[in-house]
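What follows is a short report on a single structure.
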Amino acid sequence: MIEEQQLLQHVNKGDLRAFQQLVEQHSHKMYRIAYGILQSRETAEDCVQEAFIKVYRKLSEFDERSKLSTWLYKVTANTAIDIQRKRAKLQHDVELQDDMSTDHRELPDNELQQFKLRQSTQKAVNQLSEDTRIAFVLRHVEGRSIQEISEILSVNPNTVKNRIFRAVERLRELLQPLVTDYE
């Protein structure tokens, strides 16, 4: 596998195989970020494609002092945010969940409870404000560091910590009734 700097040099020279390698190395994580924000498989896939188009067009502007992955995730997060805003204008209620198509009446009780818990948790995450939801997803779903989230979102690390704290507090508030139901 080509080292990151060499790979970037090849891509900047127009080597499509090198760009394909870049796509293969990072598309899965970019998809997870997009899905975490958009909550739709198709929309997340479209987002990743759009993000890679942006990356390809602007790769020469990449500052090699930062990590390539951080820059890619920032482009993905920003693209997802743009898509989310466009979707919000077009739809009043944005609660799309692919696995809701399962007929939950046929699930055993414990699986039904798990399904309802996942569904309730996802609804709660969707109720978070955009900035807190994105910070929460990047930290607790993607496992990104505070510093990396700070770079991705172009905000101060303390702002990231504050957003994550607010997200956790809001989720605790929204999910509290559900917790008492399972006790």
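Within segment 30-52, which residues have the backbone N less than 19 Å from the label spot 7 Å out from residue 4 along Cα→beta-carbon, could you tell me? From segment 30-52, the list is 30-33, 52. Annotation for segment 112-183 versus segment 14-53: alpha-carbon center distance of 22 Å. Restricting segment 1-58 to trypsin sites (Lys or Arg not before Pro) that sit in a DSSP loop and have at most 13 other Cβ atoms within 10 Å of their own Cβ leaves 13. When only alpha carbons of segment 30-82 are considered, Rg and Dmax amount to 10.8, 33 Å. Solvent-accessible area of residue 117, all protein chains in place: 80 Å² (probe radius 1.4 Å, heavy atoms, ligands and nucleic acids excluded). For residue 139, the accessible surface of its heavy atoms amounts to roughly 90 Å² (probe 1.4 Å, protein chains only, rounded to the nearest 10). With each label modelled as a point 7 angstrom along the Cα→C-beta vector, the residue 126-residue 113 pair spans 2.4 nm. With the convex hull of the Cα atoms taken as the outline of segment 126-165, the averaged projected area works out to 2.4 nm².
The values are calculated or read from the model by the stated rules, or taken from the named source; none is laboratory data. Nothing here was measured: the structure is a model prediction, and the numbers come from that model. Cβ atoms come from the backbone with ideal geometry, glycine included; neighbour counts cover every protein chain shown. SASA here: full protein model, heavy atoms, side chains in, ligands and nucleic acids out. Shrake-Rupley method; radii C 1.70, N 1.55, O 1.52, S 1.80 Å.
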